[in-house]
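Novice: Structure below; questions to follow.
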Amino acid sequence: MSPFFFSYKSITITWFMFITTVAIFISYFIAGSLAKEHEQDKNKIEDIFMITLVSGLIGARLTYVLMNMDLYRENMFDILKMSHYNLSFMGGIIVGLVILGICSLKYKIPLEKLLRIFITPFYFSMAIGVWTFMFDKLSLPLNHMKNGQRGILYLSIMFIIGIIIELNLPKKSNYKFVSSIIACLLILLYYKIL
């Protein structure tokens, strides 16, 4: 399969860009609908979504650069050449969580509520995003994955199960850390399966 979703003359769209765009678009609406369910202002949640998204991408890039600084010693301008091949997944998650914490203070929304709102769009994005490993053969050859194509299916199902669990958790305060624990377990399993 071609690594390009669409290619016409000099215009090319990779599977990664296509799937990422779809994931962001749908996740934006999921976050907005969950805002109402959690009795939060939809506009604030949508603003926080965009702030977290951009900050997470910047954090993913900066983390990759810091971890691979020897690649950029010769030409520092290469730091600005961002693609999905040179992003750090964990860097994006860590910076995204820090930004959520800051937004929690700024918008006066409890952090656990923000986590409950944004964890479902994250799971959704991951459930469809892992398929780029199969479609975009340049990013990671399947033979490097422990379970090959089945691993992609396992990851996708795992995040879909995360969505189902999250949407069925009661909204009572005594369940406020369950979402975080489940998210940590799923991320650890992601690395185990990957």
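What follows draws every value from the coordinates through simple rules; no lab data is involved. All values reported here derive from a predicted model rather than from experimental measurement. For neighbour counting, all protein chains shown are included, and Cβ atoms are generated from backbone atoms with ideal geometry for every residue, glycine included.
Novice: Given a 10 angstrom Cα cut-off, can you work out which residue in LEU155, LEU53, LEU169 is the most mobile in a GNM of the chain?
Specialist: Result: LEU169 has the largest fluctuation of those listed.
Novice: Which loop trypsin sites (Lys or Arg not before Pro) in segment 55-86, with loop taken from DSSP, have no more than 11 other Cβ atoms within 10 angstrom of their Cβ?
Specialist: For trypsin sites (Lys or Arg not before Pro) across segment 55-86 that sit outside H, G, I, E and B with at most 11 neighbouring Cβ atoms in 10 Å, the list reads ARG73, LYS81.
Novice: Now, a different point. In whole angstrom, and with the biggest value first, how far do the Cα coordinates of segment 4-193 range along each principal axis?
Specialist: Principal extents (Cα only, largest first): 50, 38, 33 Å.
Novice: May I pose another question? Report, in deg cm²/dmol and to the nearest 500, the calculated mean residue ellipticity at 222 nm for the chain, where each DSSP H run with n ≥ 4 adds -39500 (n - 2.57) and the sum is divided by the residue count.
Specialist: -22500 deg cm²/dmol
Novice: Once you have the Cα-Cα distance between ILE160 and TYR8, take 0.36 nm times their residue separation minus that, and quote the gain in nm to one decimal.
Specialist: So the chain would gain 51.3 nm between ILE160 and TYR8.
Novice: When TYR123, TYR85, TYR154 are ordered from fewest to most other Cβ atoms inside 10 Å of their Cβ, what list results?
Specialist: Ordered from fewest to most neighbouring Cβ atoms within 10 Å, TYR123, TYR85, TYR154 come out as TYR85, TYR154, TYR123.
Novice: To continue, here is another question. Can you compute the FRET efficiency between HIS84 and TYR28 using 1/(1 + (r/R0)^6), with r the Cβ-Cβ distance and R0 = 22 Å? Round to the nearest 0.05.
Specialist: 0.70
Novice: Taking R0 as 35 Å, what FRET efficiency do you get between GLU112 and PHE18 from their Cβ-Cβ distance, rounded to the nearest 0.05?
Specialist: Efficiency computed from Cβ-Cβ geometry: 0.55.
Novice: Hey, if you drop one equal point scatterer on each alpha-carbon of segment 1-74 and run the Debye formula without solvent, what base-10 log of I(q)/I(0) do you get at q = 0.11, 0.22 Å⁻¹?
Specialist: -0.48, -0.97
Novice: Once fully extended, how much extra length lies between ASN68 and TYR190, figured as 0.36 nm per residue of separation less the alpha-carbon to alpha-carbon distance?
Specialist: This chain segment gains 41.7 nm when fully extended.
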